[in-house]
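In what follows, a structure is listed as structure tokens, so that the remarks can point back to it.
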Amino acid sequence: MPELSSPYRTHTCNELTAAAIGGDVKLAGWIHNKRDHGGVLFIDLRDHYGLTQIVIPPETGFQEQLSHMQKETVIGITGRVERRPDGQENAGLPTGEIEVYVSSFEVLGPAAPLPMNVFPEDEMPEDVRLANRFLDLRRGKLHANLMLRSRIIAEIRRRMTEMGFQEFQTPILTSSSPEGARDFLVPSRLHPGEFYALPQAPQQFKQLLMASGFDRYFQIAPCFRDEDARSDRSPGEFYQLDVEMSFVTQDEVFAAMEELLVPLFRDFAPEGWSVSEAPFPRIPYREAMLKYGSDKPDLRNPLLISDLTELFAESDFKAFRGKTVRVFAAPAGEQPRKFFDDLQDEARALGAPGLAWLRLQEDGTFQGPIAKFMGEDVQARLKELCEDEPGRCVFFSADAEEHKAAELLGEMRNSVARQLGLIEPRCYQFCWVVDFPMYERDPETGRPM
């Protein structure tokens, strides 16, 4: 909390406790909420730090004026701190023991009727929220998210500096050097017809730093990429922790990042969450794509994918023969038919023709849409995957392109695990995915690209 010596406030709206009872104070903030209880007006006054309940009795002479003010009006008040009546304390607020009886007030910023609520935080269409972002950011959840981001970045900077890294800012206007997306271009005023590019990453600049003899570099770097939005990335720009180290091995890079990430997540994880210990497991790329169907595997999910391509290589089942076939087993036997139909729809939305499945019966046979196509050797292998446990189900993907079969079942693996409640809760599980391929192959020519 800052030390205040201002004509507007002596304390913040999260600061007053029982120790301040009897004292005169000044507060400033936004009208968060209003309540009229039997002729006494209560206002929750909000600032960046929190809430204080202020009380305006009818004898003040300005109760009616305040009662008609629009929520989010900015006011400054002067008043006396009193203890809340017995039974009316609010244990959920740091200021929940006290309230402030207002003796005078000043309107610092009137508010017009609002296009959206700040409180209560009801659901609003995204276009309304973005058009009124200054109101959206006043809401408790987004406000807390920005504060959390600020604290995390400050802690990253502190820890990186303690580990011997130096922070440098690299240029924002540069020449075009395409990476994984299209460049954003900025026209040059001095050179008509020429353009700067916004950097997709500070790659070239940090390499210049290292070639110039700087030993350990880091930056909380903006990256500008003209690409579609992702679930974990805003369109247009995102920030990343960018790091370079001189004269080190891969193991030393991993150790440095583990030294940062483990305590960072422990410090900022929600209460009761666990964080995996260092060193993190190292999973080769091909193993990750096989077992998890993703190069970003969720290790909290116990379901593992197996490859049955060879088993179906000469199969009479044309839908699988000659294709990459991946499967996983899950305890989904008690689920209704709608569960499986919904998974089919989800797979189709991902571009697949559907999601084949089988259920192991009590009599040791399989039931499902493709059961009649499974020979004895295939059924024996599927029973192994089900651990001979009746009620377990096997899910399949098959595609002429290996990466499509892998990615589909990776998505469905996570979906099934979420719906069955198999994801280990309240934990962070880290790993390193190593040995990435240098290139992807062009699907038409097969050549590296």
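The values are calculated or read from the model by the stated rules, or taken from the named source; none is laboratory data. The structure presented is a predicted model; accordingly, all values stated were derived computationally and were not measured. Methodologically, a virtual Cβ is constructed for each residue, glycine included, from the backbone with ideal geometry; neighbour enumeration extends over all protein chains shown. When the accessible area is computed, the model is the full protein with side chains, heavy atoms only, and any ligands, DNA or RNA have been set aside. Shrake-Rupley method; radii C 1.70, N 1.55, O 1.52, S 1.80 Å.
Below, the figures for the structure above:
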read-out: Eligible lysines near LYS383 by straight Cα distance, threshold 18 Å, same-chain separation 8 or greater; value: LYS372
read-out: Exposed-site-free run, longest, the chain (rule: trypsin sites (Lys or Arg not before Pro); DSSP loop; at most 13 other C-beta within 10 Å); value: 1-188
read-out: Cα gyration tensor, the stretch 374-449 - rounded (a/c under 1.5), prolate or oblate; value: oblate
read-out: Using distinct alpha-carbon pairs, which all enter the 1/r mean, Kirkwood radius of the stretch 1-65 in Å; value: 12.8 Å
read-out: Per residue solvent-accessible surface (Å²) - the stretch 373-444, probe of 1.4 Å; value: 59 Å²
read-out: Alpha carbon centroid spacing (whole Å) that separates the stretch 129-181 from the stretch 244-302; value: 21 Å
read-out: Protein accessible area in the chain, 1.4 Å probe - carbon and sulfur %; value: 50 percent
read-out: Accessible solvent surface per residue of the stretch 216-342, calculated while the other protein chains remain in place, 1.4 angstrom probe, Å²; value: 55 Å²
read-out: Relative contact order, percent, the chain [alpha-carbon distance under 8 Å, six or more residues apart]; value: 10 percent
read-out: Charge context of ASN145, other residues only, Cβ under 15 angstrom, K/R +1, D/E -1; value: +4
read-out: Percentage relative contact order, the stretch 230-322, counting C-alpha pairs under 8 Å, at least six apart; value: 13 percent
read-out: Summed side-chain charge close to GLY446 - residues other than GLY446 whose Cβ falls under 13 Å, Lys, Arg +1, Asp, Glu -1; value: -3
read-out: Summed residue charge, Cβ within 12 Å of ALA229's Cβ, Lys/Arg positive, Asp/Glu negative; value: -3
read-out: Simple label model, 7 Å out from Cα along Cβ direction - ARG230 to GLN166, nm; value: 3.1 nm
read-out: For the stretch 58-138, alpha-carbon Rg over 2.2 N^0.38 Å; value: 1.38
read-out: For the stretch 11-156: relative contact order, % (alpha-carbon pairs under 8 angstrom, 6 or more apart); value: 22 percent
read-out: All Cα pairs of the stretch 268-323, percent lying beyond 14 Å; value: 69 percent
read-out: Kirkwood hydrodynamic radius of the chain, Cα pairs, Å; value: 27.8 Å
read-out: Accessible area (Å², 1.4 Å probe, nearest 10) - TYR428; value: 60 Å²
read-out: The stretch 1-103, accessible area per residue, ligands and nucleic acids excluded (1.4 Å, Å²); value: 49 Å²
read-out: All aspartates and glutamates inside 19 Å of LYS141 as judged from Cα atoms, apart from same-chain residues fewer than 8 positions distant; value: ASP44, ASP47, GLU72, GLU121, ASP122, GLU123, GLU126, ASP127, ASP232, GLU271
read-out: nm² value of the averaged projected area, convex hull over the Cα atoms of the stretch 136-260; value: 10.4 nm²
read-out: 19 Å Cα-Cα threshold exceeded, pairs from LYS291/LYS338; LYS34/LYS71; LYS291/LYS404; LYS296/LYS404; value: LYS291/LYS338
